[in-house]
Ligand SMILES: [Zn+2]
Ligand SMILES: [Zn+2]
């Protein structure tokens with residue numbers, strides 16, 4: 001499976017501010033002045049050598065991940081990140097209809113607000129199917145484009161398929177299982193299996209009770225995943241302050257991933273209050289935590305950012 005992250009913010013789209021851009025530029029220029037960089041030197045190589053927080057950003061779009069499994073296009077959630085994904089699909093598939101399958105974890109805005117801007121829906125003959133874990137979600141998605149909120153109704157290119165309860169279901173040769181998560185109003189995780197590889201998408205979930213009995217349904221669901229995409233919106237202290245807000249933190253994710261034998265974990269659904277510097281620091285501390293507490297465990301940890309590509 002080829003995986004690409006198009007939107008990694010939780011709660012609300014969070015574009016890079018001019019103030020933060022200024023900080024990055026000031027840090028880069030300071031480094032340039034201290035280095036022996038001269039006119040005509042390779043500026044790209046110099047930029048590559050800067051710290052991550054000074055040369056990149058996680059981006060501002062909300063939840064959306066593209067998964068390619070063989071010829072099948074799977075999309076995980078339809079936050080604002082689905083807009084640039086749609087543009088890219090229209091550029092690469094130059095003519096004819098575009099068919100895609102969108103798994104919806106739940107219908108909070110940060111997971112559905114990009115739908116009206118998904119360009120492939122305007123291609124004649126396109127078929128985009130929303131896979132929804134609960135029937136009420138069709139109303140929520142349609143109602144988002146009620147004239148009260150948006151001038152155009154949901155495109156007829158979109159269809160809905162109810163995810164069956166309890167059993168795996170199939171999209172082409174992809175096997176998918178679904179689990180309810182702990183989130184106000186409900187959210188669902190997906191376990192996606194293709195050609196022996198396993199991707200688990202578990203966003204918008206809080207794990208208050210960390211006893212082994214309480215986490216077992218989730219660690220069973222994460223079992224032996226080649227890649228776990230995990231909601232780590234908060235730091236540990238924020239998680240305690242924001243009890244029952246329905247999100248988790250990276251350290252809880254690491255402990256669960258280790259218990260489940262996960263190979264790679266990406267943390268995502270970044271809080272709008274966390275800037276690139278805060279997120280880079282969380283990644284550093286989390287990698288140190290694994291190194292110190294579990295030196296023999298082979299769990300690779302990544303931070304989601306717009307444009308991150310992974311292959312499993
Ligand atoms: Zn969310
Ligand atoms: Zn939510």
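So how many residues does segment 261-273 have that are away from ligand 1 (no atom under 14 Å from the Cβ) and crowded, with 21+ Cβ neighbours inside 10 Å?
Total satisfying the criteria: 3.
Would you point out the residue of segment 96-112, among those that are within 12 Å of ligand 2 (Cβ to nearest atom) and assigned to a loop (DSSP other than H, G, I, E, B), that is nearest to residue 73 (Cα to Cα)?
104
Looking at segment 160-169, is at least one residue exposed (fewer than 15 other Cβ atoms within 10 Å of the Cβ), modelled with pLDDT of 95 or more and out of contact with any strand residue (DSSP E or B) (no Cβ under 8 Å at 6 or more places or on another chain)?
Within segment 160-169, not a single residue is exposed (fewer than 15 other Cβ atoms within 10 Å of the Cβ), modelled with pLDDT of 95 or more and out of contact with any strand residue (DSSP E or B) (no Cβ under 8 Å at 6 or more places or on another chain).
Determine whether residue 62 is in contact with a helix residue (DSSP H, G or I) (Cβ under 6 Å, 6 or more places away or on another chain) and within 18 Å of residue 308 (Cβ to Cβ).
yes
Pull out all pairs, ordered by first then second residue, where Cβ-Cβ is under 6 Å, the residues are six or more apart or on different chains, the first lies in segment 70-91 and is within 22 Å of residue 188 (Cα to Cα), and the second is surrounded by fewer than 19 Cβ atoms within 10 Å (Cβ to Cβ).
72/172; 80/13
Evaluate the following for residue 157: is it in contact with a helix residue (DSSP H, G or I) (Cβ under 6 Å, 6 or more places away or on another chain) and either more than 16 Å from ligand 1 (Cβ to nearest atom) or farther than 26 Å from residue 271 by Cα (or both)?
It is true that residue 157 is in contact with a helix residue (DSSP H, G or I) (Cβ under 6 Å, 6 or more places away or on another chain) and either more than 16 Å from ligand 1 (Cβ to nearest atom) or farther than 26 Å from residue 271 by Cα (or both).
If I filter segment 177-198 for residues that are modelled with pLDDT under 95, assigned to a loop (DSSP other than H, G, I, E, B) and either surrounded by fewer than 18 Cβ atoms within 10 Å (Cβ to Cβ) or in contact with a helix residue (DSSP H, G or I) (Cβ under 7 Å, 6 or more places away or on another chain) (or both), do I get at least one hit?
no
Select from segment 208-249 the residues that are away from ligand 2 (no atom under 15 Å from the Cβ), part of a loop (DSSP other than H, G, I, E, B) and either on the phi < 0 side of the Ramachandran plot or surrounded by 14 or more Cβ atoms within 10 Å (Cβ to Cβ) (or both) and list them in ascending order.
208, 209, 210, 211, 223, 225, 226, 235, 243
Note down all Cβ pairs under 6 Å where the first residue falls in segment 165-194 and is on the phi > 0 side of the Ramachandran plot, the second is at pLDDT 95 or above and away from ligand 2 (no atom under 13 Å from the Cβ), and they're at least six residues apart or on different chains.
172/72
Would you point out which residue out of 44, 11 is within 16 Å of ligand 2 (Cβ to nearest atom) and either surrounded by fewer than 12 Cβ atoms within 10 Å (Cβ to Cβ) or in a loop (DSSP other than H, G, I, E, B) (or both)?
11
What pairs come up if the first residue lies in segment 1-23 and is touching a residue at least 60 places away in the same chain (Cβ under 8 Å) and under 11 Å from residue 275 (Cβ atoms), the second is within 15 Å of ligand 2 (Cβ to nearest atom) and not in a strand (DSSP E or B), and their beta carbons are under 9 Å apart, counting only those six or more places apart or on different chains?
Hits for this filter: 14/271; 14/272.
In segment 30-39, which residues are exposed (fewer than 11 other Cβ atoms within 10 Å of the Cβ) and either outside any helix (DSSP H, G or I) or at pLDDT 95 or above (or both)?
36, 38, 39
Please go through segment 88-103 and pick out each residue that is farther than 28 Å from residue 133 by Cβ and either within 16 Å of ligand 1 (Cβ to nearest atom) or touching a helix residue (DSSP H, G or I) at 6+ places or on another chain (Cβ under 7 Å) (or both).
Once the filter is applied, which keeps residues that are farther than 28 Å from residue 133 by Cβ and either within 16 Å of ligand 1 (Cβ to nearest atom) or touching a helix residue (DSSP H, G or I) at 6+ places or on another chain (Cβ under 7 Å) (or both), segment 88-103 yields only 90.
For segment 114-129, give me the residue count where each residue is within 24 Å of residue 187 (Cβ to Cβ) and crowded, with 22+ Cβ neighbours inside 10 Å.
4
The values are calculated or read from the model by the stated rules, or taken from the named source; none is laboratory data. Given the structure is predicted, the values throughout are model-derived calculations rather than measurements. Methodologically, a virtual Cβ is constructed for each residue, glycine included, from the backbone with ideal geometry; neighbour enumeration extends over all protein chains shown.
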